[in-house]
1. Need the failing condition index for residue 119 against (1) assigned to a loop (DSSP other than H, G, I, E, B); (2) at pLDDT below 85, just the number.
2. Among the residues of the range 129-147, write down those that are surrounded by fewer than 16 Cβ atoms within 10 Å (Cβ to Cβ) and not in a strand (DSSP E or B).
3. Kindly indicate which of 150, 77, 103 is in a loop (DSSP other than H, G, I, E, B) and modelled with pLDDT of 90 or more.
4. Filter the range 134-154 down to residues that are in contact (Cβ under 8 Å) with a residue 24 or more places away in the chain and over 17 Å from the mean Cα position of the chain (by Cα), then give me how many there are.
Amino acid sequence: MKFGLAVLFSLFFGSIGLAAQGAGPLQTTVLTLSPPALGCPVSLRAQHLADGSMVRVGNSHPAGVGQWLHLTLADHGSSQIVKATVAIYGLSNKARITQTAAGSDSSDVVRTTTVQFSAASPGSVAGDVRVPGMTAIQRIDLDSVAYADGTVQSFAAEQACHVTPDPLMLVAGR
């Protein structure tokens, strides 16, 4: 009798949980290389890197607030990208109240840096960069890329070569 009652309760309460899970839209995250923005010949992807698995030894690990990024670029031309100059817009560690309206830019820190790349897969390159002094990164603009054959291509503001980092931030190494 008790066993039958336990089965009845588990079926009843289990079905409530399943109904609640099926009520909303299925949420999946697909992380793909974003297509080039209109007028930008380069595909760009930025991912946050975890910093929790790094062992801090002496001065080997940068001190202070900062963000680690993994950048992946793909140019479907014949020459391979070897480095890029990017402008990174974000927030410092000061207290603030920020508007959450879509499209609002509340960046108070801009860092311009050059990233060296290595081949990630055929047609794409990847590199990691640490951005000191930022607690959040809002946008990354691609200013220029240098190719293996020595040519450099710069991008004007109207070419809109920019990306926002993927919203997934790992808390431990992969």
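1. The single condition residue 119 does not satisfy is (1).
2. Listed by number, the residues that qualify are 133, 135.
3. Criteria check complete, one pass: 150.
4. Count: 9.
Residue-by-condition table, conditions (1) exposed (fewer than 10 other Cβ atoms within 10 Å of the Cβ); (2) modelled with pLDDT under 85:
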| position | (1), (2) |
| --- | --- |
| 26 | yes, yes |
| 29 | yes, yes |
| 49 | no, yes |
| 62 | no, yes |
| 72 | no, no |
| 91 | no, no |
| 127 | no, no |
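The values are calculated or read from the model by the stated rules, or taken from the named source; none is laboratory data. None of the values given here were measured: they were computed from a predicted structure. We place every Cβ from the backbone using ideal geometry, glycine too, and count neighbours over all the protein chains shown.
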